[in-house]
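Below you'll find the structure, written out as structure tokens, and then a few comments.
The values are calculated or read from the model by the stated rules, or taken from the named source; none is laboratory data. As the structure is a computational prediction, the values presented were derived from the model and not from experiment. With ligands, DNA and RNA removed, areas are computed over all heavy atoms of the protein, side chains included. Shrake-Rupley method; radii C 1.70, N 1.55, O 1.52, S 1.80 Å.
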Amino acid sequence: MKILAISGSARRNSTNTTMLRVVSTMAPEAVSISVFDQIGGLPVFSPDLEAGELPPPVRDLMDQVAASDGLIISSPEYVRSIPGGLKNAIDWLVSSHLLAEKPMVLMHASYRGEEMLEALRTVLHTVSSRFSDDLFLRFSLMPLTPDQISEELSTSENCHRIKLFLESFAHLCRTG
Ligand SMILES: Cc1cc2nc3c(=O)[nH]c(=O)nc-3n(C[C@H](O)[C@H](O)[C@H](O)COP(=O)(O)O)c2cc1C
């Protein structure tokens, strides 16, 4: 089973991207997790751009989403909402219909950002019949460096939380 973990942050030392990278190393048996951290490379969505050959960064994202059995999305909050880059990626994917039946869950690397989470939940409920609100994992990693995040997520308690979350999501992807 393949899971794609999409980071909504284009920042080099993003806490969300780092968290997803660490989580990807804890995948249960028979599950592989790859991280999409190229949200900043997508052109701004326009239906006009769908007419010809898709821009290569868009094609790449679509191929990765198509090849996955489920998506984990983790994003910062910008100005009390979804960062433009992530919303732009979702607009491209909606148009391709790839999300309609894709199992999806959220992670979050901060204890702030409620308005972004609420807005993102509304969007994901709109685009997929298989977005699951019940399964959600968050950590408070905002001031930490990538090394500190790796250390924080490797405590036995946090490893346990991550493994339970991933096993539950893999089950959800399998069973529908
Ligand atoms: C332009 C900008 C706007 C932001 N707006 C908010 C906001 O409205 N609410 C909030 O809680 N944090 C806000 N933040 C803080 C980020 O959400 C926070 O630092 C986040 O954890 C960064 O995620 P990252 O490390 O994955 O990039 C903002 C940060 C930036 C750069």
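Scanning residues 5 or more positions from residue 130 or on other chains, those with amide H under 5 Å from its amide H are 102, with H placed 1.01 Å from N in the peptide plane.
Enter the angle in degrees (range 0 to 90, nearest 10) between the Cα long axis of helix 56-66 and the first principal axis of the Cα atoms of the chain, meaning the one along which they spread out most. Around 60 degrees separate the two axes. As a fraction of the 1.4 Å probe accessible area of the chain, surface on carbon and sulfur atoms comes out at 51 percent. Annotation: amide H-H contacts under 5 Å for residue 5 (H modelled 1.01 Å from N, sequence separation of 5 or more, or interchain): 34, 35, 36, 72.
For residue 102, the lysines whose Cα comes closer than 18 Å to its Cα, not counting residues fewer than 8 places off in the same chain, are 2, 87.
Specify the angular offset, from 0 to 90 degrees and rounded to the nearest 10, of the alpha carbon long axis of helix 114-127 from the longest principal axis of the alpha carbons in the chain. So the helix axis and the longest Cα principal axis differ by about 50 degrees. The equivalent ellipsoid that matches the C-alpha gyration tensor of the stretch 42-170 spans semi-axes of 28, 17, 15 angstrom, in descending order. In order along the stretch 144-155, the phi-based Karplus estimate (6.51 cos²θ - 1.76 cosθ + 1.60, θ = phi - 60°) of 3J(HN,Hα) comes to 8, 7, x, 5, 5, 5, 4, 5, 4, 7, 8, 5 Hz; Gly and Pro are listed as x. The mean sequence distance of close C-alpha pairs (under 8 Å, at least 6 residues apart), as a share of the length of the chain, puts its relative contact order at 27 percent.
Against the main long axis of the alpha-carbon atoms of the chain, helix 84-96 sits at an angle near 60°.
For the stretch 4-18, the Karplus equation 6.51 cos²θ - 1.76 cosθ + 1.60, evaluated at θ = phi - 60°, returns couplings of 9, 9, 9, 8, x, 10, 9, 6, 4, 9, 4, 5, 5, 5, 4 Hz by residue, with Gly and Pro reported as x. Rounded to the nearest Hz, the phi-derived 3J(HN,Hα) couplings of the stretch 21-30 under the Karplus curve 6.51 cos²θ - 1.76 cosθ + 1.60 (θ = phi - 60°) are 4, 5, 4, 5, 7, 10, 4, x, 4, 6, where x marks glycine and proline.
The GNM of the chain, with springs linking C-alpha atoms under 10 angstrom apart, assigns the highest mean-square fluctuation among 73, 33, 90 to 90.
For a quick check: with amide H placed at 1.01 Å from N, whose amide H comes under 5 Å from residue 27's, ignoring anything fewer than 5 positions away on the same chain? HN-HN under 5 Å from residue 27: empty list. The mean sequence distance of close C-alpha pairs (under 8 Å, at least 6 residues apart), as a share of the length of the stretch 6-78, puts its relative contact order at 44 percent.
Residues in the stretch 2-175 average 50 Å² of solvent-accessible surface per residue, probe 1.4 Å, ligands and nucleic acids excluded. For the chain, modelled as a GNM whose springs connect Cα atoms under 10 angstrom apart, the maximal fluctuation among 70, 85, 41 occurs at 41. Helical content of the chain, expressed as a calculated mean residue ellipticity at 222 nm, amounts to -13500 deg cm²/dmol (DSSP H runs of 4 or more residues, -39,500 (n - 2.57) each, divided by residue number, nearest 500).
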